[in-house]
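Below is one structure, written out as structure tokens; comments come after it.
The values are calculated or read from the model by the stated rules, or taken from the named source; none is laboratory data. Just so it is clear, the model here is predicted, and its values are computed rather than measured. Heads up, the Cβs are rebuilt from the backbone with ideal geometry, glycines too, and the neighbour counts pull from every protein chain shown. Just so you know, the surface numbers come from the protein's heavy atoms only, side chains and all, with ligands and any DNA or RNA stripped out. Shrake-Rupley method; radii C 1.70, N 1.55, O 1.52, S 1.80 Å.
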Amino acid sequence: MFRRSSKEPQLDAFSSTVSLLEGKACKLYNDKTHWHNQFYEQITKAVDEDTFKVLFNETMGAPNAPVRILLGMMILKESLGWSDSQLFEQCNFNLLVRKSLGLININDSLPVESTYYLFRKRIYEYQKQSGEDLMEKVFADITGQQVKEFEVNGRNIRMDSKLIGSNIALFTRYEIIHQTLCKFYKSLDNRARMRLSSQDTEQLEQLIGEEPSKTVYRSTREEIKGRLQPIGLLVYKLLQLYINFSTEPYLLLERTFKEQYKVQEDQQIELRPKEEISSSSLQSPHDPDSAYRNKDGHQVKGYSVNITETCSDNRLNLITNVIVEKANTPDTAFVEPAIQATEQVTGQEVEIVYADGAYQSPDNDSFCEDIDLVYTGIQGAESRYDLEMTQDGLLVTDTQTGEQTKAVLAKRQKNSKEDKWRITTAKGYYYFNQQSIRASELRRQLKGRSREELNKRNNVEASIFQLAYLLRNNKSKYRGIAKQKIWAVCRCLWVNLVRILNYMKQTCQRTPILPGISGSFCSLCRYLGFRTRLQNIFRKNTLNTKTSYKNYDFLACI
């Protein structure tokens with residue numbers, strides 16, 4: 001049964017932590033600028049628990065553990081790179097960690113391990129069933145509050161992406177088929193196995209006892225291909241035999257068969273050529289969501305993470321959106337959802353987007369018709385010819401000779417929807433399509449940009465570095481896109497918190513104003529604990545003059 005927790009924990013007169021500390025330890029524990037207090041204010045306290053109401057029964061069951069504490073634990077785990085055992089040890093015995101979660105009394109109980117794991121499992125299952133990402137909602141809500149509080153400018157943004165490997169081994173084609181088949185066979189109970197013939201059962205038992213990695217190592221390419229053919233026949237027979245099954249191992253085996261084999265009209269099973277296998281095909285039966293991508297010679301089986309952040313000089317910049325998709329998702333697919341999500345978080349219209357050439361596409365250019373897209377480069381080699389569409393037609397300039405030629409509109413080919421132009425060269429006709437014209441126009445715009453403007457995108461690479469800082473060999477600890485999304489959201493929340501802490505230290509450069517008071521009066525003051533100090537001092541100073549501290553104009557920002 002769902003129950004909200006209190007945002008203001010109650011101090012116990014006999015077991016409060018602050019009453020047990022003295023001197024420097026007590027001062028640090030109460031320091032509003034320290035990370036543990038800011039973690040509670042900016043993250044734990046800011047969580048809207050109603051978002052997770054859908055995970056609990058409305059009328060039955062015991063009341064849930066505080067959702068904000070469970071989420072805080074998840075974020076701390078990914079932020080500081082702890083294992084589960086380290087997380088619970090720190091949350092039980094580290095006073096600063098407990099304070100960051102709102103546990104201010106020594107006898108405040110922490111949710112037990114089973115509650116923590118069940119909560120994470122419910123988030124995964126709900127996302128898988130409904131397609132709704134609750135952690136994304138939490139990130140947008142918390143970041144939106146921070147944007148308003150610190151008056152972050154969200155009109156200028158920048159974005160970049162990074163490939164993250166999944167926590168799987170690099171399987172060959174044979175290993176993928178072999179392990180998927182064995183996984184399905186092991187999932188069958190004794191009653192289901194009775195449908196199999198003795199010959200099929202013997203073949204499956206032999207496959208289970210085999211180590212596929214050693215088979216691949218000892219066999220030639222032709223020998224592996226010869227082994228895959230009878231396995232394909234066996235898989236096809238099993239799919240027909242258990243056609244009424246809808247279990248996850250069966251669906252995985254069916255997917256693998258369709259990706260790796262094809263059935264001819266005469267019911268013959270044929271192994272697909274490698275060229276016909278998509279990069280989105282199954283990479284491992286242990287992580288069906290991962291995909292393959294070869295980016296600049298860097299081969300990854302996993303996911304692509306795209307980060308969008310604000311871009312303003314000498315101001316606080318926050319990550320406003322993080323998207324996790326399969327590794328073979330092109331960067332061009334991130335532009336539209338990232339801009340829309342950023343505008344929802346900041347409540348401001350995006351005016352300028354800084355990105356590299358991988359984000360450029362005709363669809364993005366049309367979507368960003370009123371947005372200035374600043375690309376730091378254009379994919380592909382620069383053409384010898386500079387193309388410019390004029391009122392008189394297409395003007396072609398040879399960059400090597402400087403010669404200018406007016407192109408002729410070529411006859412459209414059958415089923416072609418775009419116009420083409422051609423010029424006559426010493427080697428014959430040279431054709432230009434709409435994509436070539438657009439690329440030439442973009443290169444001219446790029447040359448017209450200042451170096452300072454183009455360099456504004458570079459800082460987002462630091463955000464990418466911080467996102468993956470705790471990874472080993474750029475490989476995640478998790479499997480499945482739902483877990484990857486939770487990891488990315490937790491890391492981005494932590495990066496934003498660190499930026500806020502650094503911004504507060506830089507902004508509140510204090511100068512003496514009144515005896516016992518120093519500071520620049522701004523929206524940050526309430527986080528630094530000045531409100532209480534100011535009120536107390538003004539009560540003393542105005543006691544005889546009967547003047548309220550509220551009458552002072554410069555206190556209006558507190």
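Observations, loosely collected:
- Solvent-accessible area, 1.4 Å probe, carbon plus sulfur percent, for the chain: 47
- Within the stretch 9-33: backbone nitrogen closer than 13 Å to the LYS505 label point (7 Å, Cα to C-beta): 33
- Overall, the stretch 327-383 carries a charge dipole of about 220 debye about its Cα centre when +1 sits on the Cβ of Lys and Arg and -1 on the Cβ of Asp and Glu, all other atoms neutral.
- The stretch 326-393 versus the stretch 6-52: alpha-carbon centroid distance in Å: 44
- Taking the helices alone, the chain has a mean residue ellipticity at 222 nm of -13000 deg cm²/dmol, built from -39,500 (n - 2.57) per DSSP H run of at least 4 residues and averaged over all its residues.
- With both labels modelled 7 Å from their Cα along Cα-to-Cβ, the ASN314 to TYR124 distance reads 4.9 nm.
- Label point at LEU446 placed 7 Å out along Cα→Cβ; residues across the stretch 380-402 whose backbone nitrogen lies under 15 Å: 380-387
- Only Lys, Arg, Asp and Glu carry charge here, each on its Cβ (+1 for the first two, -1 for the last two); on that basis the stretch 190-238 has a dipole of about 180 debye about its Cα centre.
- The residues packed around PHE432, meaning those with a beta-carbon under 9 Å from its beta-carbon, carry a net charge of +2 if Lys and Arg are +1 and Asp and Glu are -1.
- Of LYS237/LYS301; LYS301/LYS411; LYS326/LYS427, those spanning more than 32 Å from alpha-carbon to alpha-carbon: LYS301/LYS411; LYS326/LYS427
- Accessible surface calculations at 1.4 Å, restricted to protein heavy atoms, place the chain at 55 Å² per residue.
- Between the stretch 260-315 and the stretch 134-193, the Cα center-to-center distance that results, in Å: 13
- Within the chain: Cβ-based charge dipole about Cα centre, in debye rounded to nearest 20 (Lys, Arg +1; Asp, Glu -1): 1260
- All Cα-Cα distances of the stretch 94-217, cut into 10 Å bins from zero to the largest, leave 8, 17, 22, 23, 15, 12, 3, 0 percent in each bin in turn.
- Inter-site label distance for SER83 and VAL408 at 7 Å from Cα along Cβ, in nm: 7.5
- Among ASN473, LEU71, MET504 the positive-end extreme of the charge dipole of the chain (Cβ point charges): MET504
- Amide N of the stretch 163-194 lying under 17 Å from the label point, which is placed 7 angstrom from the Cα of ILE464 along Cα→Cβ: 163-166
- Segment LYS274-PHE56, extension gain: residue separation times 0.36 nm, minus the distance between their alpha carbons: 73.8 nm
- One entry in [x] 41, 25, 23; [y] 61, 24, 21; [z] 52, 41, 18 is semi-axes √(5λ) of the Cα gyration tensor in Å calculated from the shown coordinates; its label is [z].
- Among beta bridges that DSSP assigns inside the chain, antiparallel share in %, nearest 5: 85
- Added length on full extension, which subtracts the Cα-Cα distance from 0.36 nm per residue, ALA169 to TYR236: 21.5 nm
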